[in-house]
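Derivation of every value follows stated rules applied to the coordinates shown; laboratory data play no part. Because the structure is predicted, anything quoted here is derived from the model rather than measured. Positions of Cβ are backbone-derived with ideal geometry, glycine not excepted, and every protein chain shown enters the neighbour counts.
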Protein chains: 2
Amino acid sequence: MAGPDEQDERAFLESYDPRAFDPVAVTVDVVALTIRDGALHVLLVRRGEPPFAGMWALPGGFLRGVRDAEDLPEAAVRELAEETGVSAADGPLERVHLEQLGTYGAPGRDPRMRVVSVAYLAFAPELPDPEAGGDAADAAWTPVDALGLTEAGDQRPGTTRRLAFDHARIVSDGLERARSKLEYTPLATAFCAAEFTIPELRAVYEAVWGEELHAGNFHRKVLSVPGFVESTGGTADRGGRRGGPRPRLYRAGDARLLHPALLRPSREEEIR
Amino acid sequence: MAGPDEQDERAFLESYDPRAFDPVAVTVDVVALTIRDGALHVLLVRRGEPPFAGMWALPGGFLRGVRDAEDLPEAAVRELAEETGVSAADGPLERVHLEQLGTYGAPGRDPRMRVVSVAYLAFAPELPDPEAGGDAADAAWTPVDALGLTEAGDQRPGTTRRLAFDHARIVSDGLERARSKLEYTPLATAFCAAEFTIPELRAVYEAVWGEELHAGNFHRKVLSVPGFVESTGGTADRGGRRGGPRPRLYRAGDARLLHPALLRPSREEEIR
DNA sequence: GCAATAGTGTCTTTAAGACATTATTGT
DNA sequence: ACAATAATGTCTTAAAGACACTATTGC
């Protein structure tokens, strides 16, 4: 074992000048989810440069470390704002729920150098189409079903829209987190406008979980969970797409956890 | 907005030489939890050098980025092994459950420089006392109750064992994760030896949740969850500490999720 | 002997899910 | 007119929790 002096010196070097010995880059990537036309979409940008030129990737970029040092969630909001063309200050991004998803740092995940990526998950109501003005060659909301993601976190052969780096894994993790969070938190309301109807809320669950829910039971269940939604007293402009009475309007309640939870019907496979 | 050439150049620089512009150091810290004498303990090391000299901190260190590049979980296992003095290859660390907890990167969290720390959470059965041979001046399993952690993630005034950096927040997050995971995963078995009794398992729940559970209902509940535990057919050497029949022995089952879950009795406060 | 404990039984309350029903709307 | 839909009602089953009880052990 190294003597005390030698050890102190090493500790000093490692502590005070990381550039001198072992460079690691930190990026922040965002898995932004929204619902469009009843389907779950994720925001992707098309890469213009190698590596993975022409493939799609999550919006993200390097963390500003010292110059204009920013916190991790700040960096995530910045990346999201850059890609959507929406300023973080004004409206739409206000209602975005942001949470940390996980950090990905396997050696070789970026062929250029050692990169550790902190991934954030964003839940948003319908946002504008991304503007191509950002860093990327192109950007678009993409239906997650079009990515052909497998349970193992990669893409099925034959999927045309390929994801760069390990972003298939990150998107898979984000989707699983979203599906899980809908069970025990009121996060589904983050996909809705400020006022929404129970059928709209059910459409969110169906889009994220990818399965149909029983309308009657869902309705009663949502109203029975304390603090999930609260009535506005109002009524929607019109009924369902093909008829039916006008649903009542609700807004998000003050609950942070759903109790009892809204469990997914088909969870049997994941148990073992 | 910058022209295409200028933009390309900036992207090139940022992509290929992070050392040239904005250094960020990456560390991996470990919140290692175990149960000793019926109480939940966390592994801490005492800092010998400023900043925060004399205070306690989580075991951790810099990620080996290029030289001996290692994946994040590898780094966590390495840090844990270094502090416990147990080689990762042999016995005890084999049964340790490891999962990523979160990443902490607020500017100023380390006064020396910009550090992003990836925190891992480890659940372990009883491990040996740490050896002081590692980097740290001292290392010890510490009862989490002795840290005086508040719900806000800091330490109550008057707590003697102060935590350095934002490690009070990280430990708090780790504890909350552990408490939550006990509800819907069989992770409590990771705190037990290979063979254990239902009362021992209940002691784990009581230590992590910090509340007593009804022995009879707990027993029936555990056996009713498919795949949580399976009988070994054996019986413990002796009964309870102050009498009682000898409990039967079980081992961990093949379930990855508990269904139905084992919910904490007192969750009322956290809901809103 | 006595107190503590493991394990099981019973009962009540709550919640989930299947199904039915009524009223109201769009086409 | 007709089909779709919102919202509510009913019934069955599963599960949680309170409580009681027996058998077995340590001291």
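Worth pointing out:
- Set of lysines with alpha-carbon distance to A:Lys181 below 17 Å, sequence-local pairs under 8 removed: A:Lys221, B:Lys181
- Residue-count net charge about B:Arg36 - beta-carbon cut-off 13 Å; Lys, Arg +1, Asp, Glu -1: -4
- Convex hull volume per residue for the range B:126-272, taking Cα atoms only, in Å³: 166 Å³
- Neighbour-count ranking [beta-carbon atoms within 10 angstrom, fewest first] of A:Thr185, A:Thr159: A:Thr159, A:Thr185
- Value in Å of the Kirkwood radius, where the range A:23-174 supplies the Cα pairs that are averaged: 15.6 Å
- Scattering profile of the range A:185-271 at q = 0.13, 0.15, 0.18 Å⁻¹ [log10 I(q)/I(0), Debye over alpha-carbon scatterers]: -0.42, -0.56, -0.80
- Between amide H atoms placed 1.01 Å from N, distances below 5 Å from B:Leu249 occur with B:Thr232, B:Gly233, B:Gly234, B:Thr235, B:Ala236, all of them 5 or more places distant or on a separate chain.
- Calculated label separations, A:Pro245, copies of the chain, 7 Å along the beta-carbon direction, nm: 5.7
- With its label point defined 7 Å out from Cα along the Cα-to-Cβ axis, A:Gly108 lies at 4.2 nm from the matching points of the other copies, in increasing order.
- Neighbour counting of Cβ atoms within 10 Å sorts the residues B:His219, B:His41, B:His214, fewest neighbours leading, into B:His214, B:His219, B:His41.
- Shielding value for A:69-75 is 4, the average number of Cβ atoms from other chains within 10 Å of each residue's Cβ.
- For the peptides A:251-264, B:54-67, B:27-40, the ranking by packing is B:27-40, B:54-67, A:251-264, with the highest mean count of neighbouring Cβ atoms within 10 Å listed first.
- Percent RCO, i.e. relative contact order, over the range A:187-233, from Cα pairs under 8 Å lying at least 6 residues apart: 29 percent
- Shown for B:Ala152: label points 7 Å from Cα along the beta-carbon vector, and their distances to the equivalent points in the other copies, 4.9 nm in ascending order.
- Dipole of the range A:185-271, positive direction: furthest Cα of A:Phe196, A:Thr235, A:Leu262, with charges on the beta-carbon: A:Thr235
- Per residue of peptide B:99-109, the mean number of Cβ atoms on other chains within 10 Å of the residue Cβ is 6.
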